[in-house]
Each structure stands twice: as C-alpha cells, then as structure tokens.
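> Got a structure for you, questions after.
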Amino acid sequence: MPVKENAVLEMKNIHKSFPGVRALDGVDFSLCEGEIHALMGENGAGKSTLIKVLTGVYEKDEGDIFLKGHDKAVAIRSPQDAQNLGISTVYQEITLCPNLTVAENMYIGRGKSKLTKWRKMNADADRILENLGIPAKANQQLSDCSIAVQQMVAIARAVDMDCKVLILDEPTSSLDESEVEKLFGLMKDLRARGVGIIFVTHFLDQVYEVCDKITVLRDGRLVGEYVIEDLPRVKLVAKMLGKELDDMEEIKDENQMYKGPDERVIEVEGLQSDAGIKPFDFYIKKGEVNGFTGLLGSGRSECVRAIFAADKVVAGTVKKNGKAVKITKPLDAMKNGIAYLPEDRKRDGIVGDLSVRDNIILAAQVLRGFFRPFSKAEANKFADEYIKLLEIKTASADTPIKSLSGGNQQKVILARWLLTHPEYLILDEPTRGIDIGTKIEIQKLVLKLASEGMSVTFISSETDEMLRTCSRLVVMRDRKVVGELSKDELTQSKVMETIAGGGME
Amino acid sequence: MAKKNTAAGNAAAGRKKLTESNLLLLITVVIFVVMYAGAMVFLQKGFLKPQTFFNILNANAALIITACGMSLVMITGGIDISVGGVVALVSMCCAVYLDYMGGNVFVSLLIALGIGLAFGVVQGYLVAYLDIQPFIVSLAGMFFARGMTTIVHTAPFNVENETFVALKNTRIYVPGMGTVNKLGKYVPAYVEIGVIIALLVVVVLFCALKWTKAGRNFYAVGGNRQSALMLGINVKRTRFLAQLLCGVLAGIGGYVYFLHVGSGSASHASGMEMNAIASSIIGGTLLTGGVGNIFGTFVGVLSLSTIQNIVSSIGLDQAWWTGITVAAMLCIFLIIQSVILRRRQ
Amino acid sequence: GGGGTETTAAPTEAAAAEDDATEAAAEDDAEEAAAPAADGELIRVGIINNDPNESGYRTANDADLKAMFTEENGYDASFAYSLKNDEQITAAQKFIQDEVDYLLLSAADTSGWDSVLQDAQDAGIGVILFDRTIDASEDLYLASIVSDMDKEGETAVNWLADQGLDEYNIIHIQGVMGSAAQQGRTGALDAKVAAEDNWNLVTQQTAEWNSEKAQQIVQSVIDAGTEFNVIYAENDDMAKGAVAALDKANISHGVGKDVIIMGFDCNKWALEELLAQNWNYDGQCNPFQASYIDEVIKKVESGEEITEKTIILEEKGFDATTITEEDVEKYGI
Amino acid sequence: MKVKNKQIFIPLAALLLLALFNLAMDPSFFKISLGNNSAGDPVLTGYLMTILDYGSEVAILAIGMTLVTAACGGQDISVGAAVAIAGSVILRVLVGQGGDGTLQAPIIVAFLIACVVAMLFGAFNGVLVAIFNIQPMVATLILYTAGRSIAAWINNNELPIVTDQTFTYFGGFIPGIPVPTPFFLAVVCVVLILLALKFTNLGLYTQAVGINASSSRLNGLNPTFIKWLSFVILGLCVAVVGLIKTSRLSTINYSVIAKDIEMDAILAVALGGNALSGGKFNIMASILGAYVIQFLTTTLYKFNVSSDALPAYKAVVVIILVVISAPAVKDKLAAYGKKWKKQKEVG
Ligand SMILES: Nc1ncnc2c1ncn2[C@@H]1O[C@H](COP(=O)(O)OP(=O)(O)OP(=O)(O)O)[C@@H](O)[C@H]1O
Ligand SMILES: Nc1ncnc2c1ncn2[C@@H]1O[C@H](COP(=O)(O)OP(=O)(O)OP(=O)(O)O)[C@@H](O)[C@H]1O
Ligand SMILES: [Mg+2]
Ligand SMILES: [Mg+2]
C-alpha cells in the first residue's frame, strides 16, 4: 500500500545501472489521483529509464513500487503486467507495429477476449479516431500514416485504456499546436476522472499549462518534488541544470552577425523531388540563418531533403557560389559542403549499434574517401573533442549510440555534421526532444557558426525558437512555398498570419 | 486546411487500402492462376485432367502442412530449417515402430506428434527464452534430426503393417471429376487422406491467424518485437508458441509424408525446408516478419510444384535444364513480387 | 516423324520383333488401341532417372538411354531427373497423367513406389525398371533390367579372398545407404567379415558416393595411425578420394604394394589406374540397359509374353594384373 | 574494443574446450609427424593438419559470408552451388571439352576466369538483394536451385579429370612446403581481408549499411553498392574454394562437390558470435568458428562416429556452444551468482 495519502503510485529508492552508466540512483517518485505530474530533467537525466522501470521494460536493480489497492510492493516484469495493473504508457519513441492496421495497434495486447472482432474493433477505432480528429482510418496500415498521426494513434490507444496511471513520455514532440491542445483537453478530462498522469516534456510552456506538480531529476538523482505554483520557470530551469541559465531571451546579437561579403552560397531554382512538393526557388547567403516554417506536413522537410538530394530530385537546378552544380545524391551534396541533420533521428540519423565515435566520424569519413580511413588516434581525437564541445552524456566513446538518451543521440548526429565543416548546414528539427539548456546551447551554436560564415537553415516546430535564431523565414503551406518574411516582419503574429494564408500571396 | 488534410488522408487511405499481406497474396494468386491456365492452354497433356491438380495436392500435402508451420514462424520473424529433418525422423521412427516393433497406427501417430512437439519445445525454448538466433537453433535441429534418422535406422524400407497400408491406400474420390483414360476406363479423381488433413490445417490456421488474439500477436511480434513488447504482448511466449506450432506441424507433416510414401528413409524430405521457405515466400510471407498469409502459403506450395510440373512436362532433354528452368521461374516470380511491392511504396 | 517403320538404327533382335509386331497386331484387335507403334505413331516413354552428374556411371547410363529413345527409333521420350525419391514419384505421377505408353524408372530409393506403380497399371502404362530394383510386388512392372549387385559384391569379395593375405584390415567405404548398389556390395563383404576371423573392418563409413567424404574418412584413419591393407570402396569416385588421402600420407597402394584398392563401376579412368597398377580391382556395373529396355518394349508392343521378368546384366570384375588395353576401351565408361 | 574481444572469446573458448576434451581422451590427437607424400615431398600429417587443411575451405567462405551477413542481414545459401560452378569453370578451361586431361591453359588463367565467373554469379545474387530488395536467403535460393545444373552444363555433363601434377598442389602440398596449401590460401585470404579492413573503410561502411541503410544513405554511402559488393567479395572466396575443391581430386562431381558447405559457412559466422541479422561483425571470430567446426568434425571422425550420424553429434555440440555464449544465459548465470553471493553473506 502506498504510504502517502491518495497516492495511486509510489516508487521508492529506485536504482538502475547500465554498463558504465548509473541511470537511476535512489529515485523516489509519487503520483496522486487526479493530478498531472511533470517529470523534468535534462537529456539523459533518467526520465525514460524511470518510466521503463515502472512499466517493466527494464528490470530494476533495487527499489520498490507500490500501487493503490495492493498491500505489498507490486512486481512488474513486463509492459503486459503494467497494463494489467492499470498503467498505460506512451513511450518516447513511437512503439507501435508498422505492419498492423491502425485499429489493431489500438487494441492489440489488451482485453480478455481471445478473438478479434474486426468489425466491432474497426468501428470502435473509427469512432475514437474521429472524436480525437485524427486523420486516419481504422483499417489503414499504420506505416502509411505520418509520424504525427502515429503518435496520435499511440496516444489514442493509451487514453482509451481504462487506466489508473497514464504515462506520456514526450508525446508532443512531433505534434502541432492544435493537436497538442486536443491532447491537453484529453488529459484534463482524465484528471477530472481521477487518473494520475505522468507527463514528460521539454516544453516549459506546456508544463505550466497543464501540470499540477513537478518532479525534477538530474543525473539519475532526484532533485525534488514541487507544486507548480512554488516553482517559477527560472527556478525550474535552474533545478534541472543545476545552475542558473544565463539570458535565454535575447541571444540574437546584431553585432555578432557575419560581416563578410554578401554572396549567395546556395541557390536553387524550380527544385522538385519525388516526395511530392511543388517546384520551389530558394537561396541562402553566406553567414545567414534562415528557416522554413509552416504547419506540420506542409513540406518543410521535403524542401530541405530535396536540396540535399535525400529524396530523388526530379527537376530544377542548384547553384553553388553562382556556379551550377549537379547534386543527385547525398554524397554530391556533402561534397558541395552541404550537411543535413534529418528530422527522423531513429530512422535516418543514428546507426544504432555503432559506437558514438563511429557515429561522429561517419560523414567526415565518407567524405574523406573509401581508401583513407581515419587512424584510431584521429577518430578518438574527433570524438572526444565533440563529446566535450556538445557535452554529450555517454559512458565512453565506445558506447553504442542506441543506448544514449534521445537528446544525446541528437547531439551526436549534430557533431557528425559539424565535423564535416560544412558551408551550409541544414538542421531539420534539431531541438526536438532536446532539453531546454541544450536547446539554448544549440541555438547559440548555430548563431556562432553563422557569425563565422556558415550558412544555416533551421527548421523547428516552435515559432519562437525560429524567431530567435533566423533572420529570414520561408513560409510553406500545402507543400508549396507561399511567402518569405524577414527583418521587421519577423513577429509571432505575422508568421501565424502568413502560415494561415491571411497575409501575402 | 484541417479539412483538406483529412480528405487527403482519406483518399490516401482508400488508395492504399490493401495491406502488404493482402497485396502479396493477390500477386501470388494471380500469378498462379495465370501460370496454371497457361499450362492448360499451351502444354495441355495432363494439365487438362483434374487429377493432375489433385496429384499436386497429394504429393504436396506434407509440404503444405510444414510450409504453414514455416509461415507461422516467419511471420513472427523467425525461421525453422529443421522441418525437413523432422519429417524424415518422423517417417523413420514411425516406420521402425510399425514394422519392427509391431506397433499400431494410432500410437505411431502419437509418436509423430511427440517428435514434432519435442523439437518445437526445445527449439522454441532456445529461441524465445534464451534468445538464440533461430537460424542456428534450427540448423542444429536439422543436423540433429538428420543424424538421428540414420541412427534410428540406416536403410530405407517399406512399411507392411496392414492397417497402415490400408490407410495409405485410402483414396477419397472427388465426385464428378474423373476422366476416361486411354484404356477407355473411367478413372475418378481422388485425393489422399493427407490432403484432407492439409486442407484442415490451412483452414484452421488461416482462421486462427485472422481472428484470434494469439494469431494477431504473431504479426505484431514479427512487425516490431520491441514495440510488441511495449504494447503489452508476451513476446517470448508468442515466439515460443510459433516455434512450437511449427515443430508440431512438422510432426504432422511428417506423418502425412509418411502416409504418402509409406516408407522410412534417411533421405526422405531432403531439401524440404528450402521448399517450405520458398513456398511461404512465394505466398507472400516475408522473412523479415510481420507479413504473411496462410492461404498465400497454400497457393505458394501449389505454384512451386506447378512450376516443377510444367518443367517436367515440357520434356527438357538435358538434366541441367530442370534446375535452371525452375530457378529461372522462381527468379521471375520474385522479381515481379519485388517490383510490385516497390511500386506500392 | 520417323515412325516405327524405320528400324535401321535399332538392334537386330529388335528389328525382328518389329516384324512380329505387325502380325501380332493384326491378330490381336484388343491390343491395337494400346499399340500405337503399329499404326506408325511414336511410342511415348517417360524416363525417370537419377541426375546424370551423380557419377560417371550415371552419365554413361543417361547417354545410353538418350541414344536409344530417339524419334528415329520410334520413340517420343520425356526425361525427368532427380536424386530425390519424392520428386521422382511426383514426376512419375505427372507422366501417368500425361499418358505416356511406358514408364522407365531408375528409382532413387527402393521404397515408396507401390501406389504409383498401381496407378500406372490402372492407367494401362507399362513400367520397366532399369538399373535399380525397387521394393514392390513384381506384378506392378513389366520387367526389370538390373545389375545383380549381390553378385557384384560376391565377385569382388571372392577376388579379395583369393589374394590370400594373412590378415585383412579393411577400410570399407559405402555408398548412399539403402541404395541397391550399397546393399549388394556391402552385404557380401559383411558376410565374409563375419565368417572369417582374419577379416576385420578397420572402419565402415558411408561417403554417399562422394569422393571428398571418402578422402576425409580415410584421412581420419591414417591420422589415427591404424593399420590397414585393403580399401573396399563401393564406387570408383570414392576409391579415388581414398587414394588421394593415401598419396598425401605416402602410403603405397596397388599391385604388390601396401594397400589393395578396390572400386566399382569401371569408369575408363579407373580402369586406366588398374592398367597402371595403382589400383587392384574394379567391379563392373553395366550402365547399358537401353537396348534391353527397347527389346522389352518391342516385345510388349507385338503382344509377346515377357518370359523373364528380371533381366540381369552380364558383368565382370577386373584385376590389375590381367586387365588389357582392350578391356579398358571396351568396358570403360 | 572490449566488445570485440568478448566476441572472439566464444570460438576461442570452444576451441579450447574441444582441445581439452581430446587431450583427456587421447593425447595422440595432437601428434604431428613429418613424412613424405607419394611424390616424395615432405608433408606434415596428423589430426591438427587435417583440421587446418579442411577447415580452411569453410574459413575462406566464412570471410565472404560474414560480410554478406553484416551488410545484408541475411545469408547466402548458394555458395555450395557456386563452388560447383567455379570448379566446373576451372576444369573446363584447364582440359577443355572431351580433352584427355592435359592442360590446355595455365592454371592461373583458369583460376582467374573462375574468379570472374564466380564474381558474376555473386553479382547476380547481389543485384537481387541490393536492387530488388529480395531477402538474401530467398534470392540466393535461385542460384542454389540452379547452380549445380549450371555447373554440369558448363562441362556438358562430363566429369573431366586433370592429369597434370601441379594442379594437385592447391588442394594438397606445394613441393618443399610441408603445410597444406589450403591453409596457405586461407592465410592469404585472411591477410588480404584484414589489410582491406585496416586500410579501407570496408568495415565501417559494411556495418553502417547493415545496421541502418537509410541513415547510411544520408551520410553519403551507397547501401545498394555496398550490399552488392559484399556478394562480389563472397564470389571471390567461392572461386578460391572452387580451386581447392577441384584440386583435391583433380576432378569434380557436380552434385556433391561442396555439398552443404553453405550451412557450415553460416554456422561459422554464428559460432563467431556475429549476429545473423547483420550489423557489427568480427571476421577473425568467424574464421575461428570455421576451424571449430572442422575440429569438431575431425574429432567425431576420430571417435569413429558413423559419418551419416555425425550431424546429430555436431548439433549437440553446436547447441551447447551457442547456449553457453547466449547473453540471456550469461545474464541469468550472473543473476544466480549474485543471489548466491548474497545468500552466503546473509548466511
Ligand atoms: N538501454 C540502455 N543501455 C545503456 N544505457 C542506457 C540505456 N538506456 C538509457 N541509458 C542511459 O541512461 C541514462 C538515462 O537515459 P534516459 O533515456 O532515461 O534519459 P532521459 O531523461 O529520458 O533523456 P531524454 O530527455 O533525452 O529522453 C542515459 O545516460 C543513457 O545513456
Ligand atoms: N496532405 C497530405 N496528405 C497525406 N500525407 C501528408 C500530407 N501532407 C503531409 N503529409 C505527410 O506528412 C508527413 C510530414 O510532412 P513533412 O515532413 O513535409 O512536413 P514538415 O513540414 O516537415 O513537418 P514536420 O517536419 O514538422 O513533420 C510526410 O510524411 C508527408 O508525406
Ligand atoms: Mg527520454
Ligand atoms: Mg519535417
């Protein structure tokens, strides 16, 4: 029986180590009925690990878990156990089966019935999908849905379960604002019904919008549990980082802007890829930071992928420094000094089983050529340099990248591209899943690189982040470039207006 | 905007309604029908007789059963290459039991099931609970079964047990399907008992995969094992079950094979595992797991042996053409499948 | 097509039988439908054989059949090859459905054939076995033209006994277990070893007609340092593998040397080894059954009785000390 | 580094285990004696030499098989058939059709042509796998079905015999060198591949592609090409084995030459602790794995196990080895160890 009054869940003195890492070190956590409890911490603080210990994905080294209605500590050995005990979870990486239909993904592994009643299941699923406004059909194969839809399906599944504890590990990282609103509505409903919700996110706004309590972790240790009113933003950030965050408002400094000649590094005309965007024109100047903005699915990623030739280019010309170049495959782009950090880290970014070191040197190595491998010493030097520079939390450079926390994986990929010393760096959602401290670091880094003459394209779902870093914004709608904003036009309202289609055109 | 998005989404859903499994099944069925019809039109000869088709069934009843088992493990992302060996071992053990130990037919059936079960349990445990690569486990299984077969008895021999022979010679006539042979005699078309068992297996497994929770779990585990675990599926048990069923089906298949040939021999069913895998794949099951259909496997077996029948009917004059032609047709088949799958994506 | 009337290429006895055929057909109306040769059509035969690259023996056998069953000789032949019994059975079923007139069969396994042959009989298809007997009732086939493997074995073992060694330490390398050839050749040796005190088997292993395996088996005996003075290999290929292992270890073999080498099949190259006195003995296994088969078919077509169901081919054994160039040319395959 | 060491530990331990077993049963197993072969050249003989000799064939194939496994996450089951083709080509070039066994062309030419042919067939497999995205085991099923027939076709079903003495060197001994040539050839192949791994990025590229083809592509790699390349390299290994195999007996038997060698090659990769689903690999471990298999076979032959029952014993040993090295088992043992310790402390 949980010790605390009206607690549905209590975790006591949880320890968990991985080879070389102490991920959780005596963490206590308690969740009350009808509260939304934010779990906060830097990348690699141990949030996901805590959750996976709770749901039986990992076996804990030590500690006890108590649930309301159970006299003794409960033994949770598998997610199935957790589900049966009324704990439903949306994990950080989407964990659904791509080969099944949407409806099956919502209902598989649940319920007592031994048979699958397709008609009923599809009807139920369709109703839920419609209620939540998810643009998918129950009988559609999941892999045919976009990431955002898949994320929503995962949420729909978790929410639909008759649960006492709901866990959401960064569910909002690939959702747009309206979808986030919908999710919050749901969460509030459930709270009203007495469900305890654990909510992990790196968006502070969202925390203050829906949460009641905050538990902060740092380096696998518990920092403390706070009621939301007692912990203003700045203090929260300080607790998370273990230090004050210096000036997060104004980092764009006119004086530090690149002052070199005003030349266009990359210029594309009528570019079109087979991923389904309309032909577009685009240029970027030396030392400039620009961004693509638009709603989810508006084609921002497809645009930059076309520039990098990550998708098959079907039409258009590319000029580099005024000279026409032929870019038909990623290697061509890399040779022309373009680097691309993809948005789907798991699928397009990391090479899971390879070490952090190999992941860092990969692109530079490919550029250097098949017959000229880096020596061990060189590789180590590069790896150590960037692990330090970007403060990547890893047991060693030999650790396989897949055992890093999400945010740290992202940093490794960033390091990979920085190592190629590109002239033009494309960052597609580089801060997705990144903690607030690192986010600022990355933004600063981008601006610093730009001031040294690198051109950067920065894509983010957070408009204020874009406004802080970019000096020019390309606006997209329905897979078409519909406008461009710069200088004074760079305000939240103006951007929104353009995206919605009120302004220019 | 949102509305438009939904509409587009729906359109996409409509266009891509076929899941991968169903698309692959469709390809297989179409190619099979075209191939068989082509053989009937251009080769004629025996292909016009229904018995040719039933002979394909008779000869492949055991393969159908083992291939179904293979499909099950393949759907969960595993593989079992021990099935051929198990079939041989089952035939040999049953033959020895019936002939040298004067056993009865019913017990011999239990022996077959027992052997299949034993292989299924051991291999299943190693694969699912100790997480050893299925290929290696079942490779060892194959070695073991083949070796054991010769240890049990070396030389091949016919079984003379009367009940068994009667059972083996039982023919189930298909009404209205006979033909008049060249002696002017009407010969009714027939199938053997094994075919009935095979068809039963196909129907039962088809339904089980489609409509039971356990069946759907197979697909989930094959699609993404990690995700399946997180979705609350008992992955270990599911994998164990698949491997177990495959073993049991190999046992049943072994008995059906034994009923068809009526003898024990160490060389029985050699290469059957490859035929089972090929049939499954032709039938639209992917080795990578998560995609497949038992009915497809059934059609896959038919396709494969129709290919072989066509080749032997063409009457190629040199021995090497047999292998080369079968391979070429297999190649075309796989390429068509691959191209259509690619088009879809 | 050539038709049955152009019989020049056929052996003389067959031609004689052909003459009878016309008469017989005229007499026996009932038989007419089943005797297409009589009305100038080709006789359709389905031939099921083992894969010709199994061994030199098989290659020769296949070539012999191919040379006989041609259109010029009045045949329309379809071939099916497999080393697997079940594939052979499937092919047989197919031929039955294709309504061939005769099914010629060299079965991979002795077992498992009775129901197929029953089908063939029901469909009025004559079955002729060649090269290998099967384990089925005699009524199910017209004739079987085979080698007497038991006799081959006995001839070889008797030859070996005549060598008068003090002690026989034999490495016995067997063919694929269960094949008629293996059973016959093993049987004779086993019987002798059981009967005589000074005959011992150093090792008895199957190399499945495979020379590499034979080499490994002999290699292992050599490595173990066991004494032996006879290698009894059930075909030439395996004998060759064995000899390769001996050569590596500098163990002398052949006439008057340390180890007696015995093989079967009479491949030309094997007989040449005999001639060079590197080997001691080679037992013949006659692959030329086609003319006998042809004869049987002609007889059936003409309505004659088949008097002897089993035709056993003449076979000899060759000794390295007595073999001649002519023998090599004549009997080498 | 640590991981790598661990991986190679598995086959090493297996070798040690087998060696100890033999030592306990009969120390003469390790006797090696110097003698002369029938041509009068010095040769080393003994069980160990036999292991080096016959294990080398699988070892050479294991090199290519490891790369294919790593890059494509699947196995090539056509290598046995491809060895038949390569061998057939060598003989065809050496003695021609209906020749009397004397050399019609230098051996090196025959070998090079065989290399080209084997690489072409490897390339064919590679195209199916890399371009048409057919799973390796299925794609190579095609050549597995056709290979031996093609081999027979090349020589028009004849079984030519090379009478030239030099041709026997490759599967036997080179005069004056008492170590079996196949072992030499294996050493050459291993050195070549190790050099390639050291001085090129073959290893990194192969692993990257095997682990995540999509992100490899975005890093400028060409996954299609690398997968294809692994099959071509395997083709080269196949040609070498074809040479050894045909040289052993100076002839070929299409239907049985290198029979089931693909299974041994795959087994070698697995015994080396490599994941059959692709990704990270360790070639040396695979090679050791190959010798473990031969060590086992030779041991079983020594104990006079009937050769057709041999697979059963082999299976038992293989299962024991993989079970011991399975991570799940290690974890469990470690957990038991901990518990035991705790109990001891308490008690
Ligand atoms: N499977 C694993 N194997 C080894 N180490 C791991 C594994 N999973 C997590 N870790 C390590 O445990 C620590 C905590 O990781 P965790 O994923 O819990 O972080 P997190 O707080 O969720 O971070 P993020 O915000 O980036 O998701 C990290 O240092 C990570 O490298
Ligand atoms: N109208 C549409 N119908 C169907 N699918 C769409 C539609 N629009 C976008 N998608 C899918 O949504 C996904 C997201 O598109 P894209 O990557 O271009 O968006 P984005 O602007 O980069 O947004 P984000 O990166 O935030 O997801 C893509 O997989 C795309 O195929
Ligand atoms: Mg996390
Ligand atoms: Mg995007």
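The values are calculated or read from the model by the stated rules, or taken from the named source; none is laboratory data. On a predicted model such as this, the values are computed, not experimentally measured, just so you know. So basically every Cβ, Gly included, is an ideal-geometry build from the backbone, and we count neighbours across all protein chains shown.
> Between residues in segment A:449-467 that are assigned to a helix (DSSP H, G or I) and residues that are of a type in the set (A, V, I, L, M) and within 16 Å of ligand 2 (Cβ to nearest atom), which pairs lie under 7 Å by C-beta distance while being six or more apart or on different chains?
Short answer, once both residue conditions are applied: A:Thr463/A:Val495; A:Met466/A:Leu473.
> Only one of D:Val162, D:Val117, D:Val129 is under 13 Å from D:Ala84 (Cα atoms) and buried (at least 24 other Cβ atoms within 10 Å of the Cβ); which?
When all the criteria are applied, what remains is D:Val117.
> Going by what's in this entry, would C:Leu65 be described as under 18 Å from the mean Cα position of the chain (by Cα), within 30 Å of D:Ile252 (Cα to Cα), at pLDDT 85 or above and not in a helix (DSSP H, G or I)?
Criteria not met by C:Leu65.
> Another question about this same structure. Before we move on, is A:Gly56 surrounded by fewer than 19 Cβ atoms within 10 Å (Cβ to Cβ) and more than 16 Å from ligand 3 (Cβ to nearest atom)?
When the stated conditions are applied, A:Gly56 does not pass them.
> Scan segment A:410-426 and tell me whether some residue there is polar (S, T, N, Q) and either within 14 Å of chain D (Cβ to nearest Cβ) or more than 16 Å from ligand 1 (Cβ to nearest atom) (or both).
Yes: one or more hits.
> Note down all Cβ pairs under 9 Å where the first residue falls in segment A:13-26 and is more than 16 Å from ligand 3 (Cβ to nearest atom), the second is among the hydroxyl-bearing types (Ser, Thr, Tyr) and assigned to a loop (DSSP other than H, G, I, E, B), and they're at least six residues apart or on different chains.
Close Cβ pairs satisfying both conditions: A:Pro19/A:Thr399; A:Gly20/A:Thr394; A:Gly20/A:Ser396; A:Gly20/A:Thr399.
> Name the one entry in D:Gly101, D:Gly40, D:Gly35, D:Gly74 that is over 23 Å from D:Ala258 (Cβ atoms) and in a loop (DSSP other than H, G, I, E, B). Steps first, answer last, please.
Working: D:Gly101 fails: over 23 Å from D:Ala258 (Cβ atoms); D:Gly35 fails: in a loop (DSSP other than H, G, I, E, B); D:Gly74 fails: over 23 Å from D:Ala258 (Cβ atoms).
Selected residue: D:Gly40, the only one of D:Gly101, D:Gly40, D:Gly35, D:Gly74 that is over 23 Å from D:Ala258 (Cβ atoms) and in a loop (DSSP other than H, G, I, E, B).
> Out of all the residues in segment B:161-197, which are within 23 Å of B:Ile252 (Cβ to Cβ) and outside any helix (DSSP H, G or I)?
B:Asn161, B:Asn169, B:Thr170, B:Arg171, B:Ile172, B:Val174, B:Tyr190, B:Val191, B:Glu192
> Right, A:Arg477: surrounded by fewer than 23 Cβ atoms within 10 Å (Cβ to Cβ), more than 30 Å from A:Ile51 (Cα to Cα) and within 16 Å of ligand 4 (Cβ to nearest atom) or not?
So A:Arg477 fits the description; yes.
Here's the yes/no breakdown for (1) in a loop (DSSP other than H, G, I, E, B); (2) within 16 Å of ligand 4 (Cβ to nearest atom); (3) modelled with pLDDT of 95 or more:
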residue: A:Glu343; (1), (2), (3): yes, yes, no
residue: A:Arg347; (1), (2), (3): no, yes, no
residue: A:Asp353; (1), (2), (3): yes, no, no
residue: A:Phe370; (1), (2), (3): yes, no, no
residue: A:Lys388; (1), (2), (3): no, no, no
residue: A:Lys393; (1), (2), (3): yes, no, no
residue: A:Lys402; (1), (2), (3): no, no, no
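> Okay, next question. Considering only segment A:343-362, how many residues are more than 7 Å from every other protein chain (Cβ to nearest Cβ) and among the small types (Gly, Ala, Ser)?
So the answer is 1.
> Could you grab me the full set of residues in segment A:223-232 that are more than 13 Å from ligand 1 (Cβ to nearest atom) and among the aliphatic types (A, V, I, L, M)?
A:Val227, A:Ile228, A:Leu231
> Does A:Asn359 satisfy the condition of being more than 16 Å from ligand 4 (Cβ to nearest atom), under 28 Å from A:Lys448 (Cβ atoms) and in contact with a helix residue (DSSP H, G or I) (Cβ under 6 Å, 6 or more places away or on another chain)?
Criteria met by A:Asn359.
> Can you tell me which of (1) within 14 Å of chain C (Cβ to nearest Cβ); (2) crowded, with 24+ Cβ neighbours inside 10 Å is the one D:Leu271 doesn't meet?
The failed condition is (1).
> Name the helices (runs of 4 or more DSSP H) wholly inside segment C:85-197 in which the number of residues that are within 8 Å of chain B (Cβ to nearest Cβ) is 1 or more. Even if it seems obvious, please write down each step before you answer.
Details: elements: C:85-97, C:114-122, C:149-162, C:180-195.
Ranges flagged: C:85-97, C:114-122, C:180-195.
Residue-wise test of (1) assigned to a helix (DSSP H, G or I); (2) within 16 Å of ligand 1 (Cβ to nearest atom); (3) free of Cβ contacts under 8 Å to residues at least 12 places away in the same chain.
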| residue | (1), (2), (3) |
| --- | --- |
| A:Met152 | yes, no, no |
| A:Ala158 | yes, no, no |
| A:Lys188 | yes, no, no |
| A:Gly194 | no, no, no |
| A:Val207 | yes, yes, no |
| A:Thr215 | no, yes, no |
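> Further question on the same structure: Which one is farthest from ligand 1 (Cβ to nearest atom), of the residues in segment A:468-505 that are part of a helix (DSSP H, G or I) and under 21 Å from A:Arg305 (Cβ atoms)? Don't jump to the end; show me each part of the working.
Going through segment A:468-505, the residues part of a helix (DSSP H, G or I) turn out to be A:468-469, A:487-489, A:492-500.
This time we only want the ones that are under 21 Å from A:Arg305 (Cβ atoms), so: A:469, A:499.
Working: A:Thr469: 21, A:Ile499: 28 Å.
Selected residue: A:Ile499.
> Still on this model: For segment B:15-29, name all the residues that are modelled with pLDDT under 75 and of a type in the set (Val, Ile, Thr).
Scanning segment B:15-29 gives a single hit, B:Thr19.
> In segment B:132-157, which residue that is in contact with a helix residue (DSSP H, G or I) (Cβ under 9 Å, 6 or more places away or on another chain) and part of a loop (DSSP other than H, G, I, E, B) is farthest from the other protein chains (Cβ to nearest Cβ)?
The qualifying residue farthest from the other protein chains (Cβ to nearest Cβ) is B:His153.
> For segment B:158-176: of the residues being touching a residue at least 24 places away in the same chain (Cβ under 8 Å) and within 13 Å of chain C (Cβ to nearest Cβ), which is surrounded by the fewest Cβ atoms within 10 Å (Cβ to Cβ)?
Going through segment B:158-176, the residues touching a residue at least 24 places away in the same chain (Cβ under 8 Å) turn out to be B:158-161, B:163-165, B:167-168, B:172, B:174.
Still in the running and within 13 Å of chain C (Cβ to nearest Cβ): B:158-160, B:164-165, B:167-168.
Working: B:Asn158: 21, B:Val159: 26, B:Glu160: 12, B:Phe164: 21, B:Val165: 17, B:Leu167: 15, B:Lys168: 21.
Only one residue fits best here, namely B:Glu160.
> Further question on the same structure: Those residues that are closer than 23 Å to A:Met334 by Cα and within 15 Å of the chain's Cα centre (by Cα), I need them from segment A:386-434; list them, please.
Of everything in segment A:386-434, those that are closer than 23 Å to A:Met334 by Cα and within 15 Å of the chain's Cα centre (by Cα) turn out to be A:Gln409, A:Gln410, A:Lys411, A:Val412, A:Ile413, A:Leu414, A:Leu427, A:Asp428, A:Glu429, A:Pro430, A:Thr431.
> A further question follows. Could you tell me which numbered condition A:Asp124 fails, if it satisfies all but one of (1) at pLDDT 90 or above; (2) crowded, with 20+ Cβ neighbours inside 10 Å?
(2)
> Related question: Would you be able to say whether some residue in segment A:423-437 is within 16 Å of ligand 2 (Cβ to nearest atom) and in a helix (DSSP H, G or I)?
Looking for residues that are within 16 Å of ligand 2 (Cβ to nearest atom) and in a helix (DSSP H, G or I), one finds none in segment A:423-437, hence no.
> Here is a follow-up. Across segment B:316-334, which residue is farthest from the other protein chains (Cβ to nearest Cβ) among those that are assigned to a helix (DSSP H, G or I) and surrounded by fewer than 17 Cβ atoms within 10 Å (Cβ to Cβ)? Steps first, please.
Filtering segment B:316-334 for residues assigned to a helix (DSSP H, G or I) gives B:319-334.
Okay, now just the ones that are also surrounded by fewer than 17 Cβ atoms within 10 Å (Cβ to Cβ), so B:328, B:332.
Values: B:Ala328: 7, B:Ile332: 10 Å.
Filtering first and then ranking leaves B:Ile332.
> What is the residue count in segment A:84-116 for residues that are free of Cβ contacts under 8 Å to residues at least 12 places away in the same chain, charged (D, E, K, R) and facing another protein chain (nearest Cβ under 8 Å)?
Count: 1.
> Among (1) away from chain A (no Cβ under 14 Å); (2) modelled with pLDDT of 95 or more, where does D:Thr206 come up short?
With respect to (1) away from chain A (no Cβ under 14 Å); (2) modelled with pLDDT of 95 or more, D:Thr206 is out only on (1).
> Pairs only if they're at least six apart or on different chains, beta carbon under 8 angstrom, first in segment A:38-66 and within 14 Å of another protein chain (Cβ to nearest Cβ), second in a loop (DSSP other than H, G, I, E, B) and within 6 Å of ligand 1 (Cβ to nearest atom); list them, first residue then second.
A:Ser48/A:Gln92; A:Ser48/A:Ser405
> If D:Pro182 passes every condition in (1) out of contact with any Phe, Trp or Tyr (no Cβ under 9 Å at 6 or more places or on another chain); (2) more than 7 Å from every other protein chain (Cβ to nearest Cβ) but one, which one does it miss?
Just one mismatch for D:Pro182, condition (1).
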